[in-house]
Each structure stands twice: as structure tokens, then as C-alpha cells.
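Here is the structure we will look at.
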Amino acid sequence: MTEQHSTDWLGLSGRVAVVTGGGGGIGRATAVSFARAGVKVAVIDRDERGLAGTQEQLREFGEHHLVQACDTTSADSVAAAADAVERALGPSDILVNTAAVLRPGGLDTLSLAEWNAVLAVNLTGYFICAQAFGRQMRKIGRGSLIHVASIAASNAQGQSGAYSVSKAGVVMLSQQLAAEWGPHGIRSNVVSPGLVVTPMSQAFYDTPGVTERRTAVVPLRRIGAPQDMADATLFLASDRSSYVNGEEIIVDGGYARTLMSHVPRPGF
């Protein structure tokens with residue numbers, strides 16, 4: 001095996017990746033992992049403090065990276081970011097949609113404003129970014145879109161407002177993009193995390209006993225980390241997955257497949 005193959009087995013070196021929500025959590029882990037693989041990374045987020053932290057980590061891998069404040073729910077803001085990325089780094093080969101919010105609440109009392117706020121970030125923002133950066137991909141005749149959804153997309157999560165609905169929409173959005181844009185050389189896939197410690201979920205794990213109880217129901221007996229999601233994302237971004245399109249990779253340690261194990265079975 002040559003040195004090139006051993007250090008760049010994914011073949012991503014020199015490509016341009018855009019990561020939304022890259023100011024922390026899964027987005028930051030993904031951006032840093034791309035940079036480590038030789039990718040020119042553009043990170044967009046409306047959290048400017050988080051962006052500064054990500055930028056500091058990216059500096060370890062050279063100066064060919066960009067961080068840009070951007071509201072992914074605004075078509076104008078995304079269009080401006082897309083122009084900035086293309087000018088600074090070239091047209092994007094890869095888009096990773098990770099930006100997300102959670103506004104808990106039961107559907108009986110959830111306000112329309114809260115419902116719309118979650119859908120705007122978690123679903124509409126993904127569509128806006130796919131459109132803007134997809135135009136660049138069509139110009140070069142290739143691209144990979146990776147959208148971070150959740151196992152909540154197919155397992156209703158009560159008292160979580162529009163979260164499960166938004167993530168289910170992400171899965172279907174990805175499938176439609178895969179069907180429509182595949183002829184242009186553009187693939188679209190989903191990574192669906194299970195139980196993961198991120199800034200958005202940290203408060204749950206700060207509650208005494210929660211980490212232990214959650215760990216106990218995961219077959220691998222650990223809670224996921226942002227890096228677990230980043231590793232799956234790099235695979236989907238690379239040509240190692242060149243015939244994977246319209247799919248969902250569940251990264252949850254096997255948790256979503258444990259339904260029947262929770263059913264009491266006397267005698268077993």
C-alpha cells in the first residue's frame with residue numbers, strides 16, 4: 001500500500017465540503033474530521049461564538065478553510081454563504097446538513113410559532129442549503145449530500161414538539177433529492193444518530209442517573225459521541241460509497257433494534 005493510500009484511503013483530499021451547524025456538536029466533529037482528511041472545509045452556523053471555536057480547531061489543519069455566519073432558514077443568507085464559499089474555496093463537492101434545534105412540548109399545547117421554528121431549521125434549512133450548494137455540484141458534475149436526521153424520524157418521540165416530524169421530513173427530502181439529482185452525479189443520503197451527547201442533549205445527561213439508564217438500553221453499552229456520526233458521514237461523502245444513494249445509515253449502537261427485547265417474556 002502506498003503512503004497516499006494509507007493516509008487518504010477515502011480519497012477526499014482537495015475536495016470542498018460545507019458543514020451547516022458546524023459551530024459545535026456533530027457539525028464541529030464532522031468539519032474537523034474532514035479537515036484531517038485533507039478536505040477544504042467551509043463551516044456555516046448562526047452561532048458566531050461556536051464558529052470561533054471550530055475555526056480554532058481547523059487552524060491545526062492549515063488555512064484553506066472558511067467559517068461564515070449564516071442563518072440557514074434564510075435563502076438570502078445561504079446564497080451569500082454559497083457565493084463566499086465558491087470564491088474562497090471553489091465549488092462545493094460535499095454538503096453536510098447538521099443544523100438542528102429542539103423545542104420540547106406536547107402537540108396539544110404546542111404553539112404554531114414553536115412548530116414553525118423547528119421545521120424552519122431542521123427541514124426547510126436543509127432544503128435551502130441543498131438547493132444553493134447543489135447548483136455548484138451540478139456545475140462540476142458530482143456531489144454528495146449528507147443530512148443528519150435521527151432515529152426519532154421513524155420512532156415518534158413524545159413531548160418533543162415538531163422534532164420527530166422534522167426529522168422524518170429530512171429522510172424523505174433526502175430520498176427525493178437522490179431520485180431527482182442522481183442523474184447529475186449527485187448522491188443524497190442520511191445519517192440518523194441515536195443517543196448522542198451533544199450541546200443540544202447535554203442537559204439530559206447532566207441529570208443524575210440518566211446516562212446510566214440510557215447506556216443500559218444500548219446493546220453496545222455506551223452513549224454515542226459526535227465523532228461516531230462524523231465517521232459515518234465521511235464514508236458517505238467519499239467515493240467509497242459511490243453507489244450508495246437515497247439511503248439512511250442508523251448510527252445508534254443497535255438501540256433502535258431493541259424493541260422486542262423490552263417486552264416481558266416469562267420463562268425466557
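The figures follow:
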quantity	calculated
Sequence ranges 168-180, 8-20, 99-111, ranked by mean other-Cβ count within 10 angstrom, highest first	8-20, 168-180, 99-111
Ellipticity estimate at 222 nm from DSSP helix runs (n ≥ 4, -39,500 (n - 2.57)) divided over the chain, nearest 500	-12500 deg cm²/dmol
Share of Cα-Cα pairs in the stretch 147-268 lying beyond 22 Å, as whole percent	42
Degrees, to the nearest 10: 25-36 long Cα axis against longest axis of the chain	40
Nearest 10 degrees, 0 to 90: helix 163-181 Cα axis against the chain principal axis	40
Cα gyration tensor shape for the stretch 158-227, rounded if a/c is under 1.5, else prolate or oblate	prolate
Farthest positive-ward along the stretch 59-184 dipole, Cα basis, beta-carbon charges - from L95, L112, N122	L95
For the stretch 75-221, alpha-carbon Rg over 2.2 N^0.38 Å	1.18
Long-range tail of P(r) for the chain (Cα pairs > 32 Å, %)	22
Rel. contact order, % - alpha carbon contacts under 8 angstrom, at least six apart, the chain	19
Angle in degrees between helix 48-58 and the longest Cα principal axis of the chain, rounded to the nearest 10	70
Rg/Rh (Cα only; Kirkwood hydrodynamic radius) as it applies to the stretch 55-122	1.12
Of every Cα-Cα pair in the stretch 1-71, the percent that sits beyond 21 Å	22
Using θ = phi - 60° and Karplus 6.51 cos²θ - 1.76 cosθ + 1.60, couplings along the stretch 136-153 (whole Hz; Gly, Pro as x)	5, 5, 5, 5, 9, x, 6, x, 9, 9, 10, 10, 8, 9, 4, 5, 5, 5
Student exercise, the chain dipole from Lys, Arg, Asp, Glu Cβ charges, in Debye to nearest 20	460
Dipole of the stretch 145-264, positive end: most advanced residue of T211, V196, A256 [Cβ charges, Cα centre]	T211
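A short reminder: the numbers here are calculations on the coordinates, not readings from a lab. Just so we're clear, the structure is a prediction, and the values are computed from it rather than from any experiment. Using ideal geometry, Cβ is built from the backbone for each residue, glycine included, and neighbour counts are taken over all protein chains shown.
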